[in-house]
1. Need a quick list: helices (runs of 4 or more DSSP H) entirely within region 71-177 having at least 1 residues that are modelled with pLDDT of 85 or more and hydroxyl-bearing (Ser, Thr, Tyr).
2. So, of the residues in region 56-73 that are touching a helix residue (DSSP H, G or I) at 6+ places or on another chain (Cβ under 7 Å) and either closer than 16 Å to Ser22 by Cβ or basic (Lys, Arg) (or both), which turns out to be most open to solvent (accessible area, probe 1.4 Å)?
3. Cβ-Cβ below 7 Å, separation at least six or inter-chain, first residue in region 1-17 and without any contact (Cβ under 8 Å) to a residue 40 or more places away in the chain, second open to solvent by less than 40 Å² (accessible area, probe 1.4 Å): which pairs?
4. Scan region 2-37 for residues that are aliphatic (A, V, I, L, M) and closer than 15 Å to Met63 by Cβ and jot them down.
5. Give, as residue ranges, the helices (runs of 4 or more DSSP H) completely inside region 1-55 that count at least 3 residues that are buried (at least 17 other Cβ atoms within 10 Å of the Cβ).
6. I'd like to know if region 5-17 contains one or more residues that are over 18 Å from Ala106 (Cβ atoms) and acidic (Asp, Glu).
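The values are calculated or read from the model by the stated rules, or taken from the named source; none is laboratory data. Keep in mind that what you see is a predicted model, and the values were worked out from it rather than measured. Note: ideal-geometry Cβ built from the backbone for every residue, glycine included; neighbour counts use all protein chains shown. Heavy atoms of the whole protein, side chains included, go into the accessibility calculation; ligands, DNA and RNA do not. Shrake-Rupley method; radii C 1.70, N 1.55, O 1.52, S 1.80 Å.
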Amino acid sequence: MQQRLARGEAAALGELYDRFASLVHSQAHRMLDDETAADLVTREVFGYVWENPDAYDPKQGSMRSWVARLTHRQSVRRLREEDGLRDDADEGGIGLEERVHRATAAARADYIVASMPAPLRAALELAYVQRRDYRQTAADLGVTEDEARRRLRLGLQLLSTAHTRPLEGTSPPGYGRPL
């Protein structure tokens with residue numbers, strides 16, 4: 001994909017967009033809580049990828065994680081620009097850094113859920129979205145109660161990392177280049 005982008009193949013950008021646009025838009029929307037701003041971030045991220053295909057280094061991680069990191073950076077930049085247009089605290093009295101921290105954790109949780117294996121994701125959805133207990137979850141999934149508990153436990157363990165990962169210094173080496 002990167003080589004095709006570097007050659008200027010518009011079809012490669014289209015494929016990349018088809019693969020990752022929903023990830024980029026949902027992450028930006030989750031962080032910014034603004035549909036128009038999320039649309040703008042989505043365009044900016046894919047514009048950056050198109051103009052800088054060599055900025056991606058496969059040795060540093062997957063293209064998906066790189067695109068997610070670009071989205072995070074651009075969304076944080078938008079939050080900071082927005083904060084510059086108003087006081088240090090928003091309507092609820094939450095400062096910019098707290099907003100960035102909350103938005104980052106929420107976006108990371110969304111990314112973790114989208115990336116986890118389908119059996120774990122299905123168990124979490126049944127238990128926490130549809131409010132089923134582990135017995136009902138097991139019955140709905142056609143697995144034993146022990147297996148349902150195991151899937152829920154593993155899914156929750158993965159999700160717990162969304163709130164414990166440090167904000168600063170989380171990008172892999174070589175990804176410090178701004179959008």
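1. Per the criteria, 134-141.
2. Among those that are touching a helix residue (DSSP H, G or I) at 6+ places or on another chain (Cβ under 7 Å) and either closer than 16 Å to Ser22 by Cβ or basic (Lys, Arg) (or both), it is Arg64.
3. Short answer, once both residue conditions are applied: Arg4/Ala12; Ala12/Leu5; Leu13/Leu5; Leu13/Phe46; Tyr17/Phe46.
4. The answer is Leu5, Ala6, Ala12, Leu13, Leu16, Ala21, Leu23, Val24.
5. In region 1-55, the matching helices (runs of 4 or more DSSP H) lie at 10-32, 35-51.
6. For region 5-17, residues over 18 Å from Ala106 (Cβ atoms) and acidic (Asp, Glu): present.
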